[in-house]
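Asker: I'd like to ask you about the structure that follows.
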Amino acid sequence: MIAAPLERVVRVFARPAPWWSNISAVAARELRDAVRARWFLLYTLAFAGLGLGISYISAAGSGAAGLSGYGRTTAGLINLVLLVVPLMALTAGAGSIAPDRERGMLSYLLAQSVSRWEVLLGKYLGLSLALLACICLGLGVCAGVLALTGAGTSTDARSLLWLGGLAFGLALGMLSIGMLVSVLAHKGSVATGTAVFLWLLMVFASDLGVMAGVLALRMRIETLLAVGLANPLQVFKMWSLHAIDASLDVLGSVGLYAADTYPHGLAWMFAASLAAWAVVPLVVAGLVFSRRSGV
């Protein structure tokens with residue numbers, strides 16, 4: 001039921017050129033398979049259930065009963081998105097090429113009148129739409145419950161919309177990295193294991209690595225900001241706090257330096273970082289995939 005409208009959106013643009021027709025056909029197939037997979041339902045329910053749980057805990061922490069408003073819920077969901085979205089997108093990307101190569105499906109697909117770039121871009125488009133649907137459904141259910149219970153009437157719902165958009169931007173970057181891993185790996189299990197390792201490295205080792213760098217290397221504040229901008233998870237965290245008008249001083253001296261030095265250019269810097277993570281790994285994956293001999 002969910003896949004059908006999204007597939008029609010893809011097929012609407014299938015007429016102008018043959019290359020786009022091939023990409024949209026691959027995207028429709030990838031979208032249909034992704035929506036039918038267990039991970040789609042699992043992560044959608046996780047977003048909705050954990051989002052409502054965070055809203056309830058936020059209200060209880062402030063001494064109120066029931067669910068908190070959009071603002072408190074969004075602030076609590078930032079850490080949830082940092083954990084769930086990278087894992088979801090990395091594993092989805094890791095399962096795009098390598099498992100099909102292992103099962104022989106990739107050889108059959110490339111035997112058709114479709115190029116390797118069209119296969120890669122079609123898979124990326126289909127998985128992107130699946131991730132977008134997962135994020136929108138999960139956050140949408142959470143927002144709908146808040147609205148029906150009256151918890152979201154006194155605060156601005158734009159904070160939750162901003163969170164959904166930034167979560168999708170983070171998902172695009174993580175999906176590109178996952179597809180690069182899948183192109184380089186020969187087995188699906190290797191690709192998935194590498195994706196999970198990268199998720200652990202980025203989520204749990206990034207903050208600790210920066211702290212170790214500060215203590216051991218005595219890095220300057222400008223260098224720390226550059227390191228933070230190079231990490232898509234840190235960019236998402238800073239941009240999310242900036243978007244909901246929260247003070248960046250919760251991030252320490254780096255947040256204060258960024259807010260004071262670039263008061264009007266932070267959003268552009270964040271957007272450029274996330275766009276680079278979405279484009280560069282995908283381009284590298286396409287170059288490797290197109291130049292690889294055989295499947």
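Asker: Out of curiosity, is Gly126 part of a helix (DSSP H, G or I), of a type outside the set (Ser, Thr, Tyr) and either under 21 Å from Ala27 (Cβ atoms) or at pLDDT below 85 (or both)?
Answerer: On the way: part of a helix (DSSP H, G or I): yes; of a type outside the set (Ser, Thr, Tyr): yes; either under 21 Å from Ala27 (Cβ atoms) or at pLDDT below 85 (or both): yes.
When the stated conditions are applied, Gly126 passes them.
Here is a yes/no grid of residues against (1) modelled with pLDDT under 85; (2) within 25 Å of Leu110 (Cβ to Cβ); (3) hydroxyl-bearing (Ser, Thr, Tyr):
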| site | (1), (2), (3) |
| --- | --- |
| Met1 | yes, no, no |
| Arg8 | yes, no, no |
| Trp20 | yes, yes, no |
| Ile23 | no, yes, no |
| Ala28 | no, yes, no |
| Leu31 | no, yes, no |
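Asker: Another one. Which one is modelled with the lowest pLDDT among residues in segment 111-123 that are surrounded by fewer than 18 Cβ atoms within 10 Å (Cβ to Cβ) and in contact with a helix residue (DSSP H, G or I) (Cβ under 8 Å, 6 or more places away or on another chain)? Outline the logic, then answer.
Answerer: Filtering segment 111-123 for residues surrounded by fewer than 18 Cβ atoms within 10 Å (Cβ to Cβ) gives 111-113, 115, 117.
With in contact with a helix residue (DSSP H, G or I) (Cβ under 8 Å, 6 or more places away or on another chain) added as a condition, the list becomes 113, 115, 117.
Details: Ser113: 82, Ser115: 89, Trp117: 92.
Once the filter is applied, the top-ranked residue is Ser113.
Yes or no, residue by residue, for (1) in a helix (DSSP H, G or I); (2) under 20 Å from Val283 (Cβ atoms); (3) at pLDDT 80 or above:
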site	(1), (2), (3)
Leu160	yes, no, no
Gly165	yes, no, yes
Ala191	yes, yes, yes
Val203	yes, no, yes
Ser206	yes, no, no
Val210	yes, no, no
Glu222	yes, no, no
Ala226	yes, no, no
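Asker: Follow-up. Kindly check whether there is at least one residue in segment 275-285 that is modelled with pLDDT of 75 or more and not hydrophobic (A, V, I, L, M, F, W, C). Outline the logic, then answer.
Answerer: Let us first name the residues in segment 275-285 that are modelled with pLDDT of 75 or more, namely 275-285.
Among the residues that remain, those that are also not hydrophobic (A, V, I, L, M, F, W, C) are: 281.
Yes; the residues of segment 275-285 include at least one that is modelled with pLDDT of 75 or more and not hydrophobic (A, V, I, L, M, F, W, C).
Asker: Restrict the check to segment 10-17 and report whether at least one residue is assigned to a helix (DSSP H, G or I) and either buried (at least 16 other Cβ atoms within 10 Å of the Cβ) or modelled with pLDDT of 80 or more (or both). I'd like the intermediate steps shown before the answer.
Answerer: First pass over segment 10-17, keeping only residues assigned to a helix (DSSP H, G or I): 10-12.
With the extra rule that they be either buried (at least 16 other Cβ atoms within 10 Å of the Cβ) or modelled with pLDDT of 80 or more (or both), the set shrinks to 10.
Within segment 10-17, one or more residues are assigned to a helix (DSSP H, G or I) and either buried (at least 16 other Cβ atoms within 10 Å of the Cβ) or modelled with pLDDT of 80 or more (or both).
The values are calculated or read from the model by the stated rules, or taken from the named source; none is laboratory data. Just so you know, these numbers come straight off a predicted model, no measurement behind them. Reconstructed Cβ throughout: ideal geometry from the backbone, glycine too, with neighbour counts over all protein chains shown.
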